[in-house]
Amino acid sequence: MGELVKGRLESSLPGLRGIVADDKDQEHALVTREGPTKGDAEIDQLYAEAEDKRLLKTSLLLDVLNISNVLTDGVSAMVDDSFNKCFTSTRPEPWNWNIYLFPIWVVGVVIRYLVLFPIRVTLLFIGFNALIVVFLLVDLTLMPSKRKMAMQRKLVQWMCSAWVAAWHGVIRYHGPKPTPGKNRIWVSNHTSMIDYVVLCSYSPFAVIMQLHYGWIAFLQKRILSSLGCLWFNRTEVNDRAVVAARMKDHVNKEDAIPLLIFPEGTCVNNEYTVMFKRGAFDIGATVCPVAIKYNKIFVDAFWNSRREAFGKHLFRLMTSWALVCDVYFLEPQSIQPEESPQEFAGRVQAMIAKYANLRIVPWDGYLKYYNLGEKNPGLIEKRRRVLADVLRAYLGKTSAAPSAMALAKEGKAAVELQSDGKGQKGAIKGGVLQGWQKLCAGGTVHPV
Amino acid sequence: MGQAASGGLTQGDVDEVIAASKGVFNQAEIESLYKRFRALDRGHKGYISPEEFLSIPELSINPVAQRLVRCCECPNFTTFVKMVAPFSPRASREDKLVFMFTVYDVDGDGFISREDMSMMLKQLAGSSLSEEDRQDIISRVLAQAGGAERLDFPAFKSALSSADLGNMVVEIPVDL
């Protein structure tokens, strides 16, 4: 029972202070596993724990009027929250601030913007357009055949290489080169759309992408479709079954080009990694993880789609000295018999996070686009229900549902064991757990 | 201090904000709060709208999120700092109590009336608490807090005299 509780406790409870995995926990955050969504009983039990302890030294008056805890939770989230951390770029220290370095920096800027950039753009323009023309020729003139597909893939690979050269990419690939295989799917962490280009210039991949607008859409539809790329709209992706079916279809094809999935679903800043969606892990294929780590030394490759247009992002890349990055092709993983797809996703995420030195954060990347409280009112209701139970107890009534406190009594013993194991950091993942541990032990909780 | 000039914040602004928040924050914390303000204020309008606050996942699932966010209507930076000020470790207990009272006093008339308490209880305890139970609780609380029909600040303060507000502290992350 203790083991089971431990596994569940590792799943962090959103909405509470201390969810930030602070620096002290970094090494353990790297091997933090993503837990499945928590069961009702579990949440009730833990909340009731806390309320139970508080109840011992409080009164109706205080319970109703003392709203300091919820307020502190709220204001703490206003001041800093672990979700937005994943999408901020740290500004690099300016190094050009003295009389000796400044002129050198100015010379550098002049070279980058006035010499390198025009050269790169011209070469890219010529090279890329030439390749597009050749591609369209091949597309229109040759009959569909294996040879045609092979040629198209080679052309796309060259096109991506042209782009990588335009950014002066210094990319190191580690691990065995991917080969197409039946029932295999590749997953990677996501920092920018250029992830795909970086990978594709080495070995061709098909990908499931958000269909964009403008010139990117043209590229996507005409050229990438030849690779077998699959399109979706974020709204459509809610229909998991459709995407899953398409994925299964693809990986079961005979000479399927390797399919690449970004389970995070959104671009993250290459320091953190958000929740891996379980779609790619649910189709019964072998998963080959790929970890991409950008070195921010010359340019920050994170594309913050909320703040930057893609064009501006490309401009920034093309006016920097180089784009440095490491790509790790990791050992293929299969789902274990007792593992759920979500747990499998978490395990693969831990592998990728280790190689790319990322901190794992339990939020869903799509929270960028929707309000969590609105979509999941159940989460708020659970917290409210606990206080409601406590207040009703003052009136001498018990709640309708099996009392959370009764459950708490049972779980208390098991949780007590966890409180003792405070020394073992392995049992404590991230600030939230510390918060709960302290709360369960009756101590005060300070936001981490 | 190692940070490039926080875009748009002058020393004069910092001094003004420190004065407005009764000096509980030092310069580094103000700079950090400013960065946060800028990050939340998409489009650089100069204030943060309720939707932008509620896009913070941890805040959106807070039971009193709606009340908190409407408590300071579209705060500009100074108001934002004033809102966070009671949670500084250097803030006085009085400041914390004043803030709690302001949040609780929904209609802002300086008294916590039955209606105020009813609204707050709806946010805090949700719909699983029946209307009848709620009224019952409110009556009991008012009785225990001195018997008046509504609470003014001194009554609120003395009701919470035994409350430990030591946990009402928020740490501002500061880059060193």
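The values are calculated or read from the model by the stated rules, or taken from the named source; none is laboratory data. All values derive from a computational prediction rather than experimental measurement. Note that each Cβ is placed from the backbone with ideal geometry, even for glycine, and that neighbours are counted across all protein chains shown.
Observations, loosely collected:
- Filter pass, residue A:83 being at pLDDT 80 or above, touching a Pro at 6+ places or on another chain (Cβ under 6 Å) and either within 11 Å of chain B (Cβ to nearest Cβ) or surrounded by 13 or more Cβ atoms within 10 Å (Cβ to Cβ) (or both): yes
- Of the residues contained in the stretch A:121-140, one or more are found to be more than 21 Å from residue A:166 (Cβ to Cβ) and not hydrophobic (A, V, I, L, M, F, W, C).
- Positions within the stretch B:161-176 being more than 7 Å from chain A (Cβ to nearest Cβ) and more than 18 Å from residue B:94 (Cβ to Cβ), in sequence order: B:174, B:175, B:176
- So residue A:198, is it surrounded by 13 or more Cβ atoms within 10 Å (Cβ to Cβ), in contact with a Pro (Cβ under 6 Å, 6 or more places away or on another chain) and not basic (Lys, Arg): no
- In summary, residue A:421 fulfils each of the numbered conditions (1) modelled with pLDDT under 85; (2) surrounded by 20 or more Cβ atoms within 10 Å (Cβ to Cβ) with the single exception of condition (2).
- Hits in the stretch B:104-118 - residues which are surrounded by fewer than 19 Cβ atoms within 10 Å (Cβ to Cβ) and within 23 Å of residue B:87 (Cβ to Cβ): B:108, B:110
- Residues that are of a type in the set (Gly, Ala, Ser), within 14 Å of chain B (Cβ to nearest Cβ), surrounded by 16 or more Cβ atoms within 10 Å (Cβ to Cβ) and in contact with a helix residue (DSSP H, G or I) (Cβ under 7 Å, 6 or more places away or on another chain) are absent from the stretch A:301-316 altogether.
- Taking the stretch B:46-87 as the region of interest, the helices (runs of 4 or more DSSP H) fully inside it that hold 3 or more residues being more than 7 Å from chain A (Cβ to nearest Cβ) are B:50-54, B:65-71, B:77-84.
- At least 1 residues being within 15 Å of residue A:395 (Cβ to Cβ) and more than 11 Å from chain A (Cβ to nearest Cβ) is the threshold, and among the helices (runs of 4 or more DSSP H) wholly inside the stretch B:102-160 those reaching it are B:131-144.
- Test result for residue B:14, over 19 Å from the mean Cα position of the chain (by Cα) and in a helix (DSSP H, G or I): yes
- When the test is whether a residue is closer than 26 Å to residue A:381 by Cα, without any contact (Cβ under 8 Å) to a residue 40 or more places away in the chain and surrounded by 15 or more Cβ atoms within 10 Å (Cβ to Cβ), residue B:139 does not pass it.
- Hits in the stretch B:58-93 - residues which are closer than 25 Å to residue B:27 by Cβ and without any contact (Cβ under 8 Å) to a residue 60 or more places away in the chain: B:72, B:75, B:76, B:79, B:80, B:83, B:92
- Any hit, the stretch B:59-81, residues being in contact with an Asp or Glu (Cβ under 6 Å, 6 or more places away or on another chain) and under 26 Å from residue A:88 (Cβ atoms): yes
- Residues in the stretch A:174-187 that are crowded, with 18+ Cβ neighbours inside 10 Å and either of a type in the set (A, V, I, L, M) or not in a loop (DSSP other than H, G, I, E, B) (or both): A:185, A:186, A:187.
Yes/no per residue for (1) touching a Phe, Trp or Tyr at 6+ places or on another chain (Cβ under 6 Å); (2) modelled with pLDDT of 80 or more; (3) exposed (fewer than 13 other Cβ atoms within 10 Å of the Cβ); (4) aliphatic (A, V, I, L, M):
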{"residue": "A:89", "(1), (2), (3), (4)": "yes, no, no, no"}
{"residue": "A:99", "(1), (2), (3), (4)": "no, yes, yes, yes"}
{"residue": "A:104", "(1), (2), (3), (4)": "no, yes, yes, yes"}
{"residue": "A:115", "(1), (2), (3), (4)": "no, yes, yes, yes"}
{"residue": "A:121", "(1), (2), (3), (4)": "no, yes, no, yes"}
{"residue": "A:138", "(1), (2), (3), (4)": "no, yes, no, yes"}
{"residue": "A:145", "(1), (2), (3), (4)": "no, no, yes, no"}
